[in-house]
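Bear in mind that the values in this text are calculations on the coordinates, not laboratory data. Here the structure is a predicted model, which means the values were calculated and not measured. Don't worry about glycine lacking a Cβ; one is built from the backbone with ideal geometry, like all the others, and counts go over all protein chains shown.
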Amino acid sequence: MPEDGTVSPRRISRRTRGERTKRRERYLLSTGKNNCALENNEISHDISASSGDSAIYSVENNNWDKCQRVAMGNKIVSNANQTTSKPRDHLYKILVIGDLGTGKTSIIKRYVHRFFTQHYRATIGVDFALKVLNWDENTLIRLQLWDIAGQERYGNMTRVYYKEAVGAFIVFDVTRKNTFDSVTNWKTDLDSKVQLPDGSPIPCVLLANKCDQLKESLANNKNMEEYCQENGFAAWFETSARDNINIDEAARALVEKILEQDALLNSEAKKGSGQFSVTLDSNDQKNGRKSCAC
Ligand code: GTP
Ligand code: MG
């Protein structure tokens, strides 16, 4: 207190970016502690701890390893699987990749935060976001979205980032044909570095983003269907993060594909060792939307 006895005005707290990042990291780690018990490389989910429709836990600029402890378990064990009456809880790691400035971060922000900005700030390394989906009354799905910087295509971290992913979006910008030309490189890189436990490629959906803008001549839809079939894409969508076009639909299509693969792997596992722990409810198919699969 000043010597004259007056009370000094309260200082307005302005946090630096570093402080904000640290707070987010602490929040992420504490969330991980509350929701996920890490034991022997397993992530065990307490479904009762989940709340709300969506949340974002962003760890900026290469601090991926802290989040990775939460994101990457060798096995995902759902508490919900212990009894049939409780809901099922799935955690899926999804990659979002594609050239610089194609709109990966914007798509994630739109999907998770329902928010868009024209302001471009290149992602450095990788960022993370978590989207919680109440898939149906018995199924809760957590999508852990890995927003990988476009410039990482030329880096050597992608093998680490891709580890344990079960699905991916590859994004290109319809106004820049060269970003479409790189799609096959991204897909080849992806398929060579991550596979499902049975060795098959992870489901991947192609996003032709910025469809609110004038397109640079790419291919017509018929050719795109062929292109997707030839290159192993599960589906493709024209999207706009700006105008919120087809983003929920694309995510739903990818989740449906992942659930399909999950069911296949589980049935094979039951025939074999019975080791796979993520199971599929029959309602997954019943309530899911049809995707525009190629
Ligand atoms: P990197 O992090 O560098 O790999 O880029 P990114 O793919 O994450 O791109 P980002 O989401 O940062 O978007 C790049 C620019 O495109 C930003 O200025 C966005 O506002 C803009 N943008 C993204 N999506 C759309 C869209 O659907 N329509 C329009 N018109 N602009 C978009
Ligand atoms: Mg980005």
Problem - Dipole of the stretch 87-154, positive direction: furthest Cα of ALA129, GLN144, LEU91, with charges on the beta-carbon - result: ALA129
Fill in the blank from the handout: Exposure-ranked with fewest Cβ neighbours within 10 Å first, HIS113, HIS90, HIS119 stand as HIS119, HIS113, HIS90
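Counting other C-beta atoms within 10 Å, which of LYS187, LYS93 has the fewest, and how do the rest follow?
Working: LYS187 19, LYS93 25.
In increasing order of surrounding Cβ atoms, one gets LYS187, LYS93.
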Completion exercise
Under the Karplus relation with 6.51, -1.76 and 1.60 and θ = phi - 60°, whole-Hz ³J(HN,Hα) for the stretch 196-212, x at Gly and Pro, equal 6, x, 8, x, 7, x, 6, x, 9, 10, 8, 10, 8, 8, 6, 5, 6
Handout entry: Interchain or long-range residues, amide H under 5 Å from THR139's placed H
Key = ARG88
Problem - Label point distance in nm, ASN134-PHE115, each placed 7 Å from Cα along Cα→Cβ - result: 2.3 nm
Completion exercise
Interchain or sequence-distant (5+) residues whose placed amide H lies within less than 5 Å of the amide H of THR102 are none
Fill in the blank from the handout: Note, ARG153: beta-carbon cut-off 11 Å, +1 each Lys/Arg, -1 each Asp/Glu, net -3
Exercise for the section: At 0.36 nm per residue, minus the direct Cα-Cα distance, what do MET157 and ASN244 gain on full extension? Give it in nm, one decimal, please. Expected result: 28.3 nm
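Note down the net charge around ASN185, summing +1 for each Lys or Arg and -1 for each Asp or Glu among other residues with Cβ under 13 Å from its Cβ. Display every interim value, and only then the final one.
On the way: positive: ARG153, LYS187, LYS193; negative: ASP99, GLU152, ASP181, ASP189, ASP191.
Result for the neighbourhood of ASN185: -2.
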Fill in the blank from the handout: Between THR239 and residues 5 or more places away or on another chain, the pairs with built amide H atoms under 5 Å apart involve ALA208, ASN209, LYS210, CYS211
